[in-house]
Amino acid sequence: PWDDYRATIAVNQDGAWHTSRAAARVLGAQGEGGRIIVISSIGGLVGIAVGAHYVMSKHAVMGLVRVLSRQLAGSGITVNAINPGYARTQMNAPVLADAGYLARVEAETPMGRLAEPDDIAGAAYFLASADAAYVTGIALPVDGGYTAI
């Protein structure tokens with residue numbers, strides 16, 4: 001439905017645009033570089049059967065990350081995306097309550113399990129750290145090998 005499409009674009013695509021733009025302004029004004037980390041999805045890397053509007057919005061987010069990484073690199077600002085796979089979150093709880101769905105997702109994920117929030121937090125910690133000072137414009141899948149298939 002059109003309303004679902006617009007809501008998804010507003011949250012995923014427009015949200016990434018507005019927050020990245022605001023972060024770039026603040027970091028640029030400080031003049032010390034910095035990190036912008038956008039949460040995308042494996043849906044921004046591959047086609048997944050969750051709805052064209054969702055996958056489309058996440059591919060747009062990846063385009064934003066790539067462009068901003070080039071535009072802001074001269075200011076010492078890195079821009080990267082974390083692309084979580086299926087994760088055990090409150091938002092996913094209703095679909096994961098379906099034992100058949102959960103079994104299918106676990107079977108399609110080489111590590112055989114869902115991501116936990118701490119798995120994603122660890123990736124964010126790395127990208128925010130000094131160790132990632134020369135890492136920009138990437139999609140970091142945190143997906144248990146799902147996109148390696």
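Overview of values
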{"quantity": "Per residue, the convex hull volume that the Cα atoms of the chain enclose (Å³)", "calculated": "114 Å³"}
{"quantity": "Calculated diffusion of region 69-132, Stokes-Einstein form, Kirkwood radius summed over Cα pairs, 4 °C and 1.567 mPa s, µm²/s", "calculated": "93 µm²/s"}
{"quantity": "Region 1-91, accessible surface, carbon-and-sulfur percent (1.4 angstrom probe)", "calculated": "57 percent"}
{"quantity": "Per residue value of the accessible surface for the chain (all protein chains in place, 1.4 Å probe), Å²", "calculated": "56 Å²"}
{"quantity": "Spin-label model distance (nm) - Ser129 vs Ala7, 7 Å beyond Cα toward Cβ", "calculated": "3.8 nm"}
{"quantity": "Local net charge near Ala123, Cβ-Cβ under 13 Å (Lys/Arg +1, Asp/Glu -1)", "calculated": "-4"}
{"quantity": "Burial ranking of peptide ranges 54-64, 12-22 (average Cβ count within 10 Å, highest at the top)", "calculated": "54-64, 12-22"}
{"quantity": "Size of electric dipole in the chain: Cβ of Lys, Arg +1 and of Asp, Glu -1, about Cα centre, debye, nearest 20", "calculated": "460 debye"}
{"quantity": "Stretch gain in nm, segment Glu106-Ala73, where the contour uses 0.36 nm per residue and the Cα spacing is subtracted", "calculated": "8.1 nm"}
{"quantity": "Whole-Hz ³J(HN,Hα) from phi, Karplus 6.51 cos²θ - 1.76 cosθ + 1.60, for region 92-107, glycine and proline x", "calculated": "8, 3, x, 6, 6, 5, 7, 4, x, 5, 4, 4, 5, 5, 5, 5"}
{"quantity": "Unit charges at the beta carbon, dipole of the chain: most positive-side option, Ile42, Ala130, Pro84", "calculated": "Ala130"}
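The values are calculated or read from the model by the stated rules, or taken from the named source; none is laboratory data. Here the structure is a predicted model, which is why all the values come from computation and not from measurement. Glycine gets a Cβ as well: all are built from the backbone with ideal geometry, and neighbour counts include every protein chain shown. Areas reflect the complete protein model, heavy atoms only, side chains present, ligands, DNA and RNA absent. Shrake-Rupley method; radii C 1.70, N 1.55, O 1.52, S 1.80 Å.
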